[in-house]
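For reference, the structure discussed in these notes is given below.
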Amino acid sequence: MIVTVFRSRLMPGAREDYLALAARMNELARTMPGYISHKGFFADDGERVTVVEFESEEGMRAWRMNPEHRAAQKKAREVYYSEYGIQICEVVRESKFKRDGSA
């Protein structure tokens with residue numbers, strides 16, 4: 001599995017317009033081959049963190065190169081972001097726990 005950690009800060013007053021663009025990108029990402037999941041969070045200090053999971057590097061690369069996504073990336077750099085950073089990570093090990101609800 002490939003995990004992308006995308007951290008960004010928005011320009012003042014850009015949050016509402018950005019969220020509309022992000023909602024469209026979330027919808028589009030779900031249609032990509034190999035897509036697993038994504039979640040986005042705003043920290044108290046204003047940083048936004050999005051975690052995206054794809055089955056393979058090929059799927060993640062196809063998402064990165066999708067023409068509509070590329071146009072959104074360009075617009076975000078020009079209009080919405082004051083800064084951002086991206087980390088692409090390969091999952092080496094994974095553990096999970098989920099309480100089943102029975103007592």
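The values are calculated or read from the model by the stated rules, or taken from the named source; none is laboratory data. Please read these numbers as outputs of a predicted model, since none were measured by experiment. Methodologically, a virtual Cβ is constructed for each residue, glycine included, from the backbone with ideal geometry; neighbour enumeration extends over all protein chains shown.
So here's what we get for this one:
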quantity	calculated
One residue from Gly46, Gly40 being at positive phi and at pLDDT below 95	Gly46
Selection count where residues are more than 21 Å from Ile2 (Cβ to Cβ) and surrounded by 11 or more Cβ atoms within 10 Å (Cβ to Cβ), scope region 78-90	4
Region 42-96: number of residues that are under 21 Å from Met11 (Cα atoms) and of a type in the set (D, E, K, R)	10
Residue in region 42-57 that is assigned to a helix (DSSP H, G or I), of a type outside the set (Asp, Glu) and buried (at least 16 other Cβ atoms within 10 Å of the Cβ) present	no
Number of positions in region 3-22 that are without any contact (Cβ under 8 Å) to a residue 40 or more places away in the chain and surrounded by 13 or more Cβ atoms within 10 Å (Cβ to Cβ)	3
Qualifying residue in region 28-36 (condition: surrounded by 11 or more Cβ atoms within 10 Å (Cβ to Cβ), among the β-branched types (Val, Ile, Thr) and either more than 11 Å from the chain's Cα centre (by Cα) or not in a loop (DSSP other than H, G, I, E, B) (or both))	yes
Residue match in region 38-47 (condition: under 22 Å from Val92 (Cβ atoms) and either touching a His at 6+ places or on another chain (Cβ under 8 Å) or touching a residue at least 12 places away in the same chain (Cβ under 8 Å) (or both))	yes
Residue list for region 32-52, restricted to those being of a type in the set (Phe, Trp, Tyr), in contact with a helix residue (DSSP H, G or I) (Cβ under 9 Å, 6 or more places away or on another chain) and under 17 Å from Tyr80 (Cβ atoms)	Phe42
Residues satisfying the stated conditions in region 59-103, i.e. of a type in the set (Lys, Arg), in contact with a helix residue (DSSP H, G or I) (Cβ under 9 Å, 6 or more places away or on another chain) and either free of Cβ contacts under 8 Å to residues at least 24 places away in the same chain or assigned to a strand (DSSP E or B) (or both)	Arg64, Arg70
Failed item, numbered, when Met25 is tested on (1) modelled with pLDDT of 95 or more; (2) of a type outside the set (Lys, Arg); (3) surrounded by 14 or more Cβ atoms within 10 Å (Cβ to Cβ)	(1)
